[in-house]
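In what follows, a structure is listed as structure tokens, so that the remarks can point back to it.
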Protein chains: 2
Amino acid sequence: MSRFRSEVEKASRERCSRIVLALDILEPSKDRLYEKALWVMREASENVCCFKIGIPTVLKLGLSDVSRLVEEAHDMGLPVIMDCKLGDVGHVNRMMAILYFEAGFDALTVNTLVGFEGGLDSVIEESKKRDRGILPLVYMSHKGAEETFGQTVLSKDGTARKMYEVLAERVKLWDIDGIVVGATRPEVIRQVRDIVEPDTPIYSPGVIFQGGSLRDALEAGSTYLIVGRAIYLSENPRGESARLKKILST
Amino acid sequence: MSRFRSEVEKASRERCSRIVLALDILEPSKDRLYEKALWVMREASENVCCFKIGIPTVLKLGLSDVSRLVEEAHDMGLPVIMDCKLGDVGHVNRMMAILYFEAGFDALTVNTLVGFEGGLDSVIEESKKRDRGILPLVYMSHKGAEETFGQTVLSKDGTARKMYEVLAERVKLWDIDGIVVGATRPEVIRQVRDIVEPDTPIYSPGVIFQGGSLRDALEAGSTYLIVGRAIYLSENPRGESARLKKILST
């Protein structure tokens, strides 16, 4: 088990929370974005088990300011996922992974559809070297994901399966630290839960603003629920994160 | 036709070049990376028709310095592609697209596998508003791309096709400015050439360092060849870009 995985488990146990807070905050200026992100993190820190930062925040703040936010999170006892959905060729993926790990991130999301050889192999290698986490996407949360993740594919022996089933099988070989399956499709979560190892954490984005239900995803087998706008757009991120945490623990 | 597409055509005609220079340069410091990138751009500017910048460069330099490089390129009469392979959910893709367009980029690459509805629809909308370009991936250049782009898929009517054929059909509906197909698979370029409109530009990465041949890709139907390391790692980027340009024009 990677350090990342055990840190999320520890924070989750201590805070009785299965919520990962996504920080895709929009603010007009760099300074206001930094301040708002840090404020939301502090307000919610007792009710979440992990933070997630996306590329828009990195583009807006720059990697060195993002690295300061990651340090703040670590001081709160919380790990941070870089939701970069790495999906390039191997040598470019490696450059990105190293830069994100050097900025302090504890785990990276990767786009499983890019494939292993000459694609994600280099990222997995870099993460193992540093005892960091890798979270491959198995089914995204939006409607258009059906066009590929939900596509029926034909294997070499002629068996027809769904692409996400093939992906869930495939990532079992990669020694990963969890997978990402959208909360908008509880039926898929249920099927994938049966394919991966029973203790593999399933991270589910797409709740509330994107239409997914926290309880349905949890009952289908999700381990952690990724919540963004419902918390950071709220006037009271502390209260809102406490309320959502409670929905999941009762 | 978007402004981007006509600018690449114009630069290509004027310079008798089909080469897009990829600037995924590795340098230990930010300042040295900026200087090296600008030097390579200036040295090669008479022999290429477009520049391409990747996420590692943006992470290392920050978006505002990258924006200065884009301005320098425009002063040389050359457009710049941001090779971000956008592959997130719609509202995050939109945030990234706006930031890249505001930084001056003329076109963005997108990961077609992410799907349209709630995925890439927002990016296409933002690009049309600004008359910028969109380049969807149809087949990547590395070995692992076979796992999905090369996967046999079953359509609803029971017909078996390759995923890349389905993607090439799909992007015809998106009013795009070119597609990306790896130079490492001339047979795929040939097939895709027959699916898309005859005048749709095909951009092909993966030549030389990744094993693809400039001439084979061109003969199979590629319009522009993306070259990175063979030029920017050379001691003489001017001479090397001139030599490669000549290979394609004779």
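If you go through the stretch A:167-203 and keep only what is touching a residue at least 60 places away in the same chain (Cβ under 8 Å) and not β-branched (Val, Ile, Thr), you end up with A:Asp177, A:Gly178, A:Pro201, A:Tyr203.
Selection of the stretch A:198-208 for residues being touching a helix residue (DSSP H, G or I) at 6+ places or on another chain (Cβ under 8 Å) and closer than 23 Å to B:Thr148 by Cα yields A:Ile202, A:Ser204. Within the stretch A:130-139, the set of residues being within 12 Å of chain B (Cβ to nearest Cβ) and over 11 Å from the mean Cα position of the chain (by Cα) comprises A:Tyr139 only. With respect to the conditions (1) over 19 Å from the mean Cα position of the chain (by Cα); (2) within 13 Å of chain A (Cβ to nearest Cβ); (3) charged (D, E, K, R), B:Asp194 falls short on a single one, namely (2). Residue by residue through the stretch A:151-181, note down the ones that are assigned to a loop (DSSP other than H, G, I, E, B), modelled with pLDDT of 95 or more and within 9 Å of chain B (Cβ to nearest Cβ). Answer for the stretch A:151-181, where residues must be assigned to a loop (DSSP other than H, G, I, E, B), modelled with pLDDT of 95 or more and within 9 Å of chain B (Cβ to nearest Cβ): just A:Gln151. Do the conditions hold for A:Thr223, that is, is it within 28 Å of A:Arg132 (Cα to Cα) and touching a Pro at 6+ places or on another chain (Cβ under 9 Å)? When the stated conditions are applied, A:Thr223 passes them. Scoring A:Gly119 on the criteria (1) more than 20 Å from B:Ala145 (Cβ to Cβ); (2) open to solvent by less than 10 Å² (accessible area, probe 1.4 Å) leaves a single failure, condition (1). Selection of the stretch A:1-43 for residues being aliphatic (A, V, I, L, M), modelled with pLDDT of 95 or more and under 15 Å from A:Tyr232 (Cα atoms) yields A:Ile19, A:Val20, A:Leu21, A:Ala22, A:Leu23, A:Leu33, A:Ala37, A:Leu38, A:Val40, A:Met41.
The values are calculated or read from the model by the stated rules, or taken from the named source; none is laboratory data. This one's a predicted model, so the numbers in the text were calculated from it and none came from an experiment. Every residue, glycine among them, receives a Cβ derived from its backbone with ideal geometry; neighbour counts consider all protein chains shown. Note: areas computed on protein heavy atoms with side chains; ligands, DNA, RNA excluded. Shrake-Rupley method; radii C 1.70, N 1.55, O 1.52, S 1.80 Å.
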